[in-house]
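Note sheet for the following structure.
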Amino acid sequence: MINSAIDKFTLIKDSIPLVQAIEYYGLHPIKRGRYHWIKCPFHNDKNPSLAIYEESFYCFGCGAHGDVIDFVARYFNLEPLEAVYRLAEDFNVPLPEERRLTKEEKKKIQQRIRQKQEEDKLYNDFLKAVDETYDYLCELNHLYTKIKQAISEPKDMELSEFVEACHEQDLINYWLDLLLEGNIQDKLFVVEEVKQWKLSKKL
């Protein structure tokens, strides 16, 4: 049984090019020099930092590494042997062992895949909300800057528009700093705060 398991792992790694598997699962490697690169799916990667070599990958951002089986196992939250069966099924690679996945095993793998897809959707929705909030705050910050620049007389500095611009701009800059430098909890906080703030001002 041990030799059979080893044979399965070796067969999958020899049969399925890593870059082909990554493309199959919806990612888009970019050829740069001798290697392909993608934004690492295992951390919040702003620029492609995961290098795809002929038989292995390595992320220079978070340190994730391994072969095609490791990638699929980590990407879909599977055990290594489950990843082997998933790859064999997706790429029609006959395995040396005749045993096929049971219904329960297939169900378990599908549940993990659905969970991964749901997590990806939630995370992508979160990133979209952060980007939209950041763009909105930048536009508002620019508007308040123009209001402050339009004030030329010292007496005008007591106008409610100027006072509001100063106060709101301090808050906006604080939020922008959190969106740029904060952790996920900070960014979630800003997205929700800005949402409530817009409602209170009916913007």
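Quick note: the coordinates plus some simple rules give every number you see, no bench work behind them. Only a predicted model underlies this, so the values are computations on that prediction, with no experimental measurement involved. Using ideal geometry, Cβ is built from the backbone for each residue, glycine included, and neighbour counts are taken over all protein chains shown.
Things to note:
- In this label model, residue 90 and residue 132 are separated by 3.0 nm, measuring between points 7 Å along each Cα→Cβ vector.
- J(HN,Hα) series, the range 51-56, from Karplus relation 6.51 cos²θ - 1.76 cosθ + 1.60, nearest Hz, glycine and proline x: 8, 10, 8, 4, 10, 8
- Computed label-point distance, nm, for sites residue 35 and residue 107 using a 7 Å Cα→Cβ extension: 4.2
- Residue-span extension gain [residue 44 to residue 121] - 0.36 nm each, minus C-alpha spacing: 26.3 nm
- Dipole in debye (nearest 20) - the range 2-101, about Cα centre, beta carbon charges: Lys, Arg +1; Asp, Glu -1: 460
- Loop-located trypsin sites (Lys or Arg not before Pro) in the range 7-73, at most 16 other Cβ atoms within 10 Å (DSSP): 34, 46
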